[in-house]
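Remarks on the structure that follows.
The values are calculated or read from the model by the stated rules, or taken from the named source; none is laboratory data. This is a predicted model, so every value here is computed, not measured. Note that we place each Cβ from the backbone using ideal geometry, even for glycine, and neighbour counts take in every protein chain shown. For the accessible areas, the whole protein counts, side chains as well, though only heavy atoms, and no ligand, DNA or RNA atoms are used. Shrake-Rupley method; radii C 1.70, N 1.55, O 1.52, S 1.80 Å.
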Amino acid sequence: LHTNRQAKLVRPLALGLLDGEEHKKEKQDAQEQLVRAVEEYRYRVGTGFLSTPFLLPVLTEAGKAKTAYKMLENTEKPGWLAEVKEAATTVWENWEGNLSQNHYSPGAVCQWLFDTVCGIRQDGECHFVIAPVPGGSLTYAEAEYRSIYGQVTSRWEKKEDGIHYQITVPENTTAEIRIGEKTVNVESGNYEFAESF
């Protein structure tokens, strides 16, 4: 774990190899080292196919959502918005765009957009956890998931007085909604929340 290579740090964290009380210090050290490695590489992606899907979720789990957003929004190669700057409308297999124009591994960032930025996660039969994590330069985010139970939506928007959330939970389901430090358990319906800056 004494390395500045993002992939070597992110895999044991993502795969639970450092979970448990006996590894608490190692896990914290690895999380801190991963953040340093990301900062040293100027918030560019330094992982390959097997590790890229883990990168932003591991940073967020470590309490470093700001770092994850900086990586997401970085416009330098290798990075997702570098592709957008080059007119990409899909996520490429490699950062140069000379192979597949639509590839899972770098494209796995889309999962983080759904389950973290907008916070939609299915959590068992007829139950969802909705825990959006606003951040970065985004002023709003919105996602919808057409589950077998119906459509789940999560939207947040930064306004002058704080962040406003709108969440829809489909019929015959329940959800645990987490907004900042607040958690509420709800049944189906439309919900609105506000959080001050």
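Each of the peptides 137-150, 157-170, 63-76 was scored by the mean count of other Cβ atoms within 10 Å over its residues; in descending order, highest first, they stand as 63-76, 157-170, 137-150. Rounded to the nearest 20 debye, the dipole size of the chain about its Cα centre is 640 debye, using +1 on the Cβ of Lys and Arg and -1 on the Cβ of Asp and Glu. Here region 35-147 is assigned +1 on the Cβ of each Lys and Arg and -1 on the Cβ of each Asp and Glu. Its dipole about the Cα centre then comes out at about 300 debye. Centroid-to-centroid, using Cα positions, region 36-76 and region 94-120 are 13 Å apart. Here the simple spin-label model places points 7 Å from the Cα toward Cβ, and for GLU157 and SER100 these points are separated by 3.7 nm. When the chain is described by a simple charge dipole with +1 on each Lys and Arg Cβ and -1 on each Asp and Glu Cβ, the residue from SER51, GLY180, TYR145 located farthest towards its positive end is SER51. Between TYR191 and GLU125, the C-beta separation translates, for a Förster distance of 25 Å, into a calculated FRET efficiency of about 0.75. Only Cα pairs under 8 Å and 6+ residues apart enter the sum, and on that basis the relative contact order of the chain stands at 12 percent. Across the accessible surface of the chain, with the other protein chains kept in place and a 1.4 Å probe, carbon and sulfur atoms take up 49 percent.
From the square roots a ≥ b ≥ c of the eigenvalues of the alpha-carbon gyration tensor of region 136-189, which class results: rounded (a/c under 1.5), prolate (a/b over b/c), or oblate? Oblate. Taking label points 7 Å from Cα along the Cα-to-Cβ direction, ARG146 and LYS85 give a separation of 3.6 nm. The calculated 222 nm mean residue ellipticity attributable to helices in the chain amounts to -8000 deg cm²/dmol, summing -39500 (n - 2.57) over DSSP H runs of n ≥ 4 and dividing by all residues. Under the rule a/c < 1.5 gives rounded, and otherwise a/b versus b/c splits prolate from oblate, where does the chain land using the Cα gyration tensor? Note, shape of the chain comes out prolate.
Across region 118-191, the mean sequence separation of Cα contacts (distance under 8 Å, 6 or more residues apart), normalised by length, yields a relative contact order of 27 percent. In the context of the full set of protein chains, residues of the chain present 57 Å² of accessible surface per residue (probe radius 1.4 Å, heavy atoms only).
On a straight-distance basis, which aspartates and glutamates could pair with LYS70 in a cross-link, Cα separation under 12 angstrom, same-chain partners fewer than 8 positions away excluded? Correct list for LYS70: GLU39. Protection proxy ranking of 24-30, 55-61, by the mean of other Cβ atoms within 10 Å over each peptide's residues and highest first, is 55-61, 24-30.
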